[in-house]
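Derivation of every value follows stated rules applied to the coordinates shown; laboratory data play no part. Computed from a predicted model, the values in this text were never measured in an experiment. Here the Cβ positions follow ideal geometry from the backbone for every residue, glycine too, while neighbour counts run over all protein chains shown.
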Amino acid sequence: MASNVFHISGSTLDENIRNTVTFIKKLKQNNKIKNYNQIAILFSHFKDRSAKKLEDALKKENIEVYSPRTKVFFEMYEVKLTFGIILACFKKYFPEEALDIYLLECLDLARLEIRKDNEFLVWIKEKIENISEYSFNSLNEIFYELLNFSYYKNVLQEENPIEARANHNLAILTKIFKNFQKYVHSKKISIEDDFSIIKYFFTKYLEILKQSRVDEIFSEEDYPNDCIPFLTIHQSKGLEFPVVIVFSLYSKPNVSGDLSRQTSIDRLINSNSKISEIDKEYFDFYRKFYVAFSRAKNLLVLSCYEKGVSENFKPFFYSVRGVNSLQFDISQINLDEVSKKDERRILSYTTDIALYRYCPMKYFLVREKEYSTFDKKVFNLGIITHKAIEHINKSFLQKQEIFSDNYIEDLVKNIYKFQNIDLDNNVERIIDIVKKYIKDEKDNFKYIKKVEASEFRVEDNYILYGQIDLILEDENEIKIIDFKTGKYNEIEFSSNYRQQLSLYKLLLQKKYDKEIKTYLYYLEEDEPKKEILIDDENLKEDLENINKTVQDILDKKFPKIPYNQNICGLCEFKNYCWGIQ
């Protein structure tokens, strides 16, 4: 790394900023980086004057930045616009004093944007006039109607950095809406309670979000395409980037007195006496910047104007080569061949292959653009039942073999609670399913090998992943078990489940020499275990079909399917594909 550490300086702060922008542009122009999000720029905090100046200078060069700050997120145009549109639909139910300056700004943005699109204007007028006749299961249900209109379609369809950042923020917003719906226990948004859920979101919950830690809203490594991440040093913990540029080198330990840097470090390392407060301050200071410097995988750059470098960094800063000297040649930079690292996508059958086959466009919106799906109550039965069966299997694996009726009832109810789902009329049904499973399988639990086993198979340009519900092993064979709720359906099996089981068999073949058998286990059937015979010819055929689907995903082929009421009519994204019905 030592040969790939440089500094950028300048006689003034403005010159330092210009030199930094020039260096970043050179990295791209000379193909040292392929995407601006390979660079991260770190600051001690965002009050650093350099942060705003650098952001403005980069934007003048059409280089976008992305700063995962809670305050910045809620000021983004696309976020305020979406809030404004949704709020406008319900505004007449809000007391005038409930709308603060922020919400009024959101409403103003909505008015201006809607005037650009006649269809949008017609839609919102109708919504405002007739909102009392509507009920919604979530804020996302309202938001996804907006995807029919030109502004949101452009955000989804364009690939430039500005739209990529806007799309990224809207995807985060769908996660916020989904989490809110869980928070209010999936209560309907309706006139029956005077739209209290909407009122609570905008007057209470939104304020809570604004005060939240940034990591409660943003995921760790999820940065928009071709935007440079601006991070605090604290935010960068645990992350790694090919190129890291560190600012805030004016920083000093918050100490007083004549204790020198070298003396402090020597005392901290060598002294057996109790560490003083001054020593702790020095230790924390250098540990913080160690975090910053160690985020760089290939290239570390220190950036500060000449008079701004603190005494703590001057020896190091000037001991490394400067990039803005006449002698500097960008060919000196020897990055690892980042473009050749293993970037094969990990694809699973259930979340990738099956979803793509169900609808490529839905795959695009959910997996590529990362928009949240609805939580549908119809799925609660399967989710909670699977969690309960998983718990029972893991308990047997850990030698717990006796389960009282009270234990099972408490287990199921606790899963409801943990999933933030209100108890419903499926509780007794699930309890009965679990009791039946224990009774039917008690003699087979001794053969449990793995529960919820994660298995991988490496292909040429992707990695197949499967999570197997249950693996049993005896002296002669391996049994793969995949649990299902509901009734056995031969048509559904033949068109879908066999390939899933084929994949699981492929994943285990290289690990075990024993015969591998595959089963679907229908938890509510009198004879629940259905062996699915899969021979070598089936395996070959199924792998070919899986490879074909994967290639379509990798080639980014995401067409709409022909309209199907059973699929499109129930889809979150129907308005994006087919307009407002």
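Things worth noting here:
- For ILE561, net neighbour charge (Lys/Arg +1, Asp/Glu -1) across residues whose Cβ lies under 12 Å away: +4
- Cross-link pairs beyond the 27 Å C-alpha cut-off, checked among LYS125/LYS560; LYS204/LYS237; LYS505/LYS529: LYS125/LYS560; LYS204/LYS237
- Nearest-ten-degree value, helix 13-29 long axis tilted from longest Cα axis of the chain: 50 degrees
- Using the Cβ-Cβ distance between THR351 and GLU75 with R0 = 45 Å, the FRET efficiency computed as 1/(1 + (r/R0)^6) comes to roughly 0.85.
- Counting Lys and Arg as +1 and Asp and Glu as -1 over every other residue whose Cβ lies under 9 Å from the Cβ of TYR144, the net charge comes to -2.
- For the chain, size of Cβ-based charge dipole, Lys and Arg +1, Asp and Glu -1, in debye: 1740 debye
- Once the C-beta distance of THR12 and LEU121 is scaled by a Förster radius of 60 Å, the resulting FRET efficiency is 0.75 to the nearest 0.05.
- Between helix 101-114 and the chain: long-axis angle, C-alpha atoms, 0 to 90°, nearest 10: 70 degrees
- Distance between the pseudo-spin-label points of ASP193 and GLU477 (7 Å out from Cα toward the beta carbon): 5.3 nm.
- Cβ-based exposure ranking for SER331, SER303, in which fewest neighbours within 10 Å come first: SER331, SER303
- Distant-in-sequence amide contacts of ILE567, defined by a placed amide H-H separation under 5 Å and a gap of 5 or more residues or a different chain, comprise nothing.
- Expressed per residue, the C-alpha convex hull volume of the chain stands at 230 Å³.
- The gain in end-to-end length when the LYS59 to ASN179 segment is fully stretched comes to 39.9 nm, 0.36 nm per residue minus the alpha carbon separation.
- Gain upon complete extension [ASN425, GLN467; 0.36 nm per residue less C-alpha separation]: 12.2 nm
- Using a cut-off of 22 Å between Cα atoms, the listed pairs LYS32/LYS297; LYS479/LYS511; LYS387/LYS439; LYS59/LYS369 include LYS59/LYS369 as exceeding that distance.
- In this simple spin-label approximation, GLU105 and LYS34 carry label points 7 Å from Cα along the Cα→Cβ vector, and these lie 3.9 nm apart.
- Our helix-only sum for the chain, with -39,500 (n - 2.57) per DSSP H run of n ≥ 4 divided by its residues, gives a mean residue ellipticity at 222 nm of -13000 deg cm²/dmol.
- Relative to the longest principal axis of the Cα atoms of the chain, the long axis of helix 536-554 makes an angle of roughly 40 degrees.
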